[in-house]
There are 2 protein chains.
Amino acid sequence: MPRLAGSSKLLRAMNESAALAHLLEPGMLTRADLRRLTALSTPTISEVLRRLTDAGLVTVVGHNSGRPGPNAEIYAANPDAAYAAAVSVRDIGASGAPSVVGALCDLTGAVRARIESRIDFLRTDPKTALVEVVAELRAKAGVPAERVSHVQLGVAGSYDSGAETIHHVDVPGFGRAGLVPEIAEALGTHVGVDNDVNLAAVAERRRGVGRQADGFALLWLSQEGLGLAIDIGGTLLRGARGGAGEIGYMPLYAPDSTHRKVDLQDLVGGAAILALGQDHGVAGRTPLEVVLAAAADPGAGEFIAQLADRIAVGLAAVIAVLDPPLVVLAGPVAQAGGQTLLDAVTGALHRAAPLESTVAVTTIDDDAVLLGALDAGLGAVRGALIAAIRDNQA
Amino acid sequence: MPRLAGSSKLLRAMNESAALAHLLEPGMLTRADLRRLTALSTPTISEVLRRLTDAGLVTVVGHNSGRPGPNAEIYAANPDAAYAAAVSVRDIGASGAPSVVGALCDLTGAVRARIESRIDFLRTDPKTALVEVVAELRAKAGVPAERVSHVQLGVAGSYDSGAETIHHVDVPGFGRAGLVPEIAEALGTHVGVDNDVNLAAVAERRRGVGRQADGFALLWLSQEGLGLAIDIGGTLLRGARGGAGEIGYMPLYAPDSTHRKVDLQDLVGGAAILALGQDHGVAGRTPLEVVLAAAADPGAGEFIAQLADRIAVGLAAVIAVLDPPLVVLAGPVAQAGGQTLLDAVTGALHRAAPLESTVAVTTIDDDAVLLGALDAGLGAVRGALIAAIRDNQA
DNA sequence: CTTATTGTTAACTGACTTGCCAATCACCCG
DNA sequence: CGGGTGATTGGCAAGTCAGTTAACAATAAG
């Protein structure tokens, strides 16, 4: 909005962008609706829609009826105008969980294909693996290559978008400098990379409890570790080199500096949960099993309380720094804890933290990282379409 | 930029806004300069400038010379088009420091008047006190009332802009609900309120070490307490109810929950510094004197090291959550510590925090809160002017 | 058949651009 | 030292582009 100047061509570009933007967030709109939304006159709306349909970005999807006069045409973004692909990469877990899940959606967000596969990245190059996954997704959905304009990657690590390098990543091969541009080159698309927890927060924003919030801090608790994503009014805070939210390494203060190296990971990481479970006699061979068992067993109250206290330690620091309108507990462990854990954490926070924050548990049952990656990719595709219209006409 | 639609009137409004914006950040520009900056044609620039000068917002301040051709006219924003006032309110310190400092600047940021006074808010109503201070500022600068369009307040507390209420404030009378709208009503101007530390960060962004940074976290260390301001690309993070950065109350983890109620304030607050100084035999009756003495005395290395360790505890949490590109130490205590303290904190952080962040000390010698309040007020005034042009023409 | 609604066509307006021109100043060469 | 040369400034006129208002034909509900 500031410092934007230009001629009448800019005006048309803006108006077309605005109309497309309204049709993208997924609206089935008549000309009259668009007139209300954009405050443009009827002839202009007609012209804009004519151009957008000519460009193949918008189609007539139906006709209004039941009202006097001619049946108004209903317009919507053409689902097949562009597609976004998303791939979530993780280390092969102890449980043998799939190391790669991918999905492909059309412009409206409808999932057209989905893949899970186990790839051993010790033996496969990330680039070839990803190209293969995306090719398979395209084949499954029957989509031509040139229509997939963006591929979104989710990894358990921090992404430095300036250096285009993934840091702190465990999956072999993904930490190599220059990998991301190579992947983009090989795929022939834009490639976005983000932290898995950040992507889960994107999903939470669009589909979960974060929908209405001004912002939220999402604490991700999984068997492997913990992470934090910070949503401020819909945009994620990534930090200087993508390191924001890496609270697993947050050192904890020890009054007497005898044991210095305690960090939050030692407190609520998988190993810590397992140990805490053993101390309290909660059965389970994995952290997830332990929490699941404890949540179902009313006798495990002490375990839950202790775990909640530990979680509150980390959250208290986050709340003191950020004062988020909402705190979301997400990730497998948090979901396993469910309402029981939520209540305990809420109680612990009220005792520990000075500011009162609302706490909630994810409402996303599906793979939040993958969904978030789809949402992020879709956002990028839509943004690119809008920008292309804005620039092509300039 | 997104979802902005309109007719040619919008276009002109945008172009005028853009030109004014360029002239405001303080530029002395010729028509040719504006042509380059806005990519508009000569006749358009002429028309825009004609309108802006007619409105009294822009004036010819000189003529170019030394180049072939006619001497180009140099335009600049009219300093007297609008003024901003700023008032920093604090509790009466033990040292009897002035409880209110105020300043008034013109549209270019030049300070036209400055006041310091000691007001006992136990006996004076905040509203009448502020009205008086602003009136005195106007009188001193010889500025008509209607030209002062914005008054910026700085207080040691958190401001909930939604509820228009100041929380966690020590100065008597300022915590009352409805006070801020009343003040605005009485002054007949817009009134902005912000945390003093946030305002110091604004000053740091415009005049200090934060000028070039993508963002920074500013840790404010004063005799009264500590605070944190978070600058992300030039905008401050305020949190849900203005509580972001209230890290004084951040609880610290105690492994054995024997002494639970330790928070950061207990570690690096004024009382803590005083006590730490006594432990290490550093002379001084106030925290400031202690730090000042220690910074000058090479024998006080242990005190400085301990203090730095404690500061690093808080900063480590901040860095883990935010990963700021830069950390700024500010406030009286930090300035007293100077380079000595900076080196110690840098060292302590490298040992404690996983991510490496650059640390710096303020370069602002003057009253950072007041300057920041002026900057913030000026920003509001400029924004209002630009918006007014954008809307008046619509 | 009336009436409300849709969408098109025509005339007009506002704002920016290109192209042309006069005026002015620096610089250089005679 | 003075006049020519050339770059630069800023104004004016004509043309273009996009959006608005107004009038109108067409269509479906009641």
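Computed from the coordinates by the stated procedures, all read-outs in this text should not be read as laboratory data. All values derive from a computational prediction rather than experimental measurement. Every residue, glycine as well, gets a Cβ built from its backbone with ideal geometry; the counts of neighbours run over all protein chains shown.
Quick notes
- Note on the protein assembly as shown: Lys pairs 8 or more places apart or on different chains, Cα atoms under 27 Å apart, count 4.
- Antiparallel bridge percentage (DSSP; both residues within the protein assembly as shown; nearest 5): 60
- Crossing angle, helix A:126-141 versus chain A [Cα axis fit, 0-90 degrees, rounded to tens]: 50
- Convex hull (Cα only) mean projected area of chain B, reported in nm² to one decimal: 23.9
- ³J(HN,Hα), Karplus 6.51/-1.76/1.60, whole Hz, each residue of region B:229-240, x for Gly, Pro: 10, 10, 9, 10, x, x, 10, 8, 8, 10, x, 4
- For the Cα trace of region A:118-253, dividing Rg by the Kirkwood Rh returns an Rg/Rh value of 0.99.
- From phi via Karplus (6.51, -1.76, 1.60), per-residue ³J(HN,Hα) for region A:115-123 in Hz, x at Gly/Pro: 9, 10, 7, 9, 10, 8, 6, 6, 10
- Of B:63, B:167, B:22, the one that fluctuates the most in a GNM where chain B has Cα springs shorter than 10 Å: B:63
- Modelled spin-label separation between residue B:146 and residue A:64, with each label point placed 7 Å from Cα along the Cα-to-Cβ direction: 4.6 nm.
- GNM remark for chain A: springs join alpha carbons under 10 Å apart, and the peak mean-square fluctuation among A:316, A:201, A:32 falls on A:32.
- Percent of alpha-carbon pairs separated by more than 38 Å within the protein assembly as shown: 49
- Positive-end residue, region A:46-173 charge dipole about Cα centroid, Cβ charges, pick of A:107, A:61, A:49: A:61
- Longest stretch of chain A clear of exposed loop sites (trypsin sites (Lys or Arg not before Pro), DSSP loop, at most 16 other Cβ atoms within 10 Å, sites excluded): A:4-117.
- Share of pairwise Cα-Cα distances greater than 24 Å in region A:169-316 is 48 percent (whole percent).
- Theoretical FRET efficiency, 1/(1+(r/R0)^6), r = Cβ-Cβ of residue B:115 and residue B:25, R0 41 Å, to 0.05: 0.90
- Residue A:190-residue B:55 pseudo-label distance in nm [points 7 Å out on the Cα-to-Cβ vector]: 3.4
- Nearest 10 degrees, 0 to 90: helix B:42-54 Cα axis against chain B principal axis: 70
- Gaussian network model of chain A, Cα within-10 Å springs - most flexible of A:125, A:106, A:231: A:125
- Values of log10 I(q)/I(0) for region B:252-365 across q = 0.11, 0.13, 0.18 Å⁻¹ run -0.35, -0.49, -0.92, by the Debye formula with one identical scatterer at each alpha carbon and no solvent.
- According to the Kirkwood relation over distinct C-alpha pairs, the hydrodynamic radius of region B:109-152 is 11.5 Å.
- Near residue B:171, no amide H atom lies under 5 Å from its own; only residues 5 or more places off or on other chains count, and H is placed 1.01 Å from N.
- Nearest-ten-degree value, helix A:301-322 long axis tilted from longest Cα axis of chain A: 50
- The mean number of Cβ atoms from other chains found within 10 Å of a Cβ in peptide B:235-241 is 6, as a whole number.
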